[in-house]
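Notes follow once the structure below has been shown.
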């Protein structure tokens, strides 16, 4: 599971792929320059690293994801909750909501999620 841990730049790069896959590696170089301010060498270095981690694949200059965004987001959410909130979902939610108010729509959506995930 540690392979799903992505640094900020890696996540932003993977997001370019997730949003556009399949994407040609040449197009990815252009997107990385435009969106991330990266040079070609940086793009290919990060692409190689994410391929080695099993997150992305680059076959015949076409890049696709082997791991979907939601899997990485789940991993990161669990890691934050475990590290900062003693693996307590109520503590995590209380902290998240401590300085904001929910709209009625948001509250309804959250309640529906809770109901659908009860044991």
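Annotation for the stretch 64-84: no member residue is without any contact (Cβ under 8 Å) to a residue 24 or more places away in the chain and more than 20 Å from the chain's Cα centre (by Cα). Quick check on residue 6: is it surrounded by 13 or more Cβ atoms within 10 Å (Cβ to Cβ) and in contact (Cβ under 8 Å) with a residue 24 or more places away in the chain? Considered against the rule, which asks whether it is surrounded by 13 or more Cβ atoms within 10 Å (Cβ to Cβ) and in contact (Cβ under 8 Å) with a residue 24 or more places away in the chain, residue 6 comes out as yes.
Residue 51 fulfils the conditions (1) surrounded by 15 or more Cβ atoms within 10 Å (Cβ to Cβ); (2) within 12 Å of residue 72 (Cβ to Cβ); (3) without any contact (Cβ under 8 Å) to a residue 12 or more places away in the chain except for a single criterion, (2).
Results for (1) modelled with pLDDT of 95 or more; (2) in a helix (DSSP H, G or I); (3) surrounded by 10 or more Cβ atoms within 10 Å (Cβ to Cβ), shown as yes or no for each residue.
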{"site": "76", "(1), (2), (3)": "no, yes, yes"}
{"site": "79", "(1), (2), (3)": "no, yes, yes"}
{"site": "82", "(1), (2), (3)": "no, yes, yes"}
{"site": "92", "(1), (2), (3)": "no, yes, yes"}
{"site": "101", "(1), (2), (3)": "no, no, no"}
{"site": "105", "(1), (2), (3)": "yes, yes, no"}
{"site": "110", "(1), (2), (3)": "no, yes, yes"}
{"site": "118", "(1), (2), (3)": "no, no, no"}
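The values are calculated or read from the model by the stated rules, or taken from the named source; none is laboratory data. Small disclaimer: the values here were computed from a predicted structure and weren't measured. Ideal geometry is used to build each Cβ from the backbone, glycine not excepted, and the neighbour counts take in all protein chains shown.
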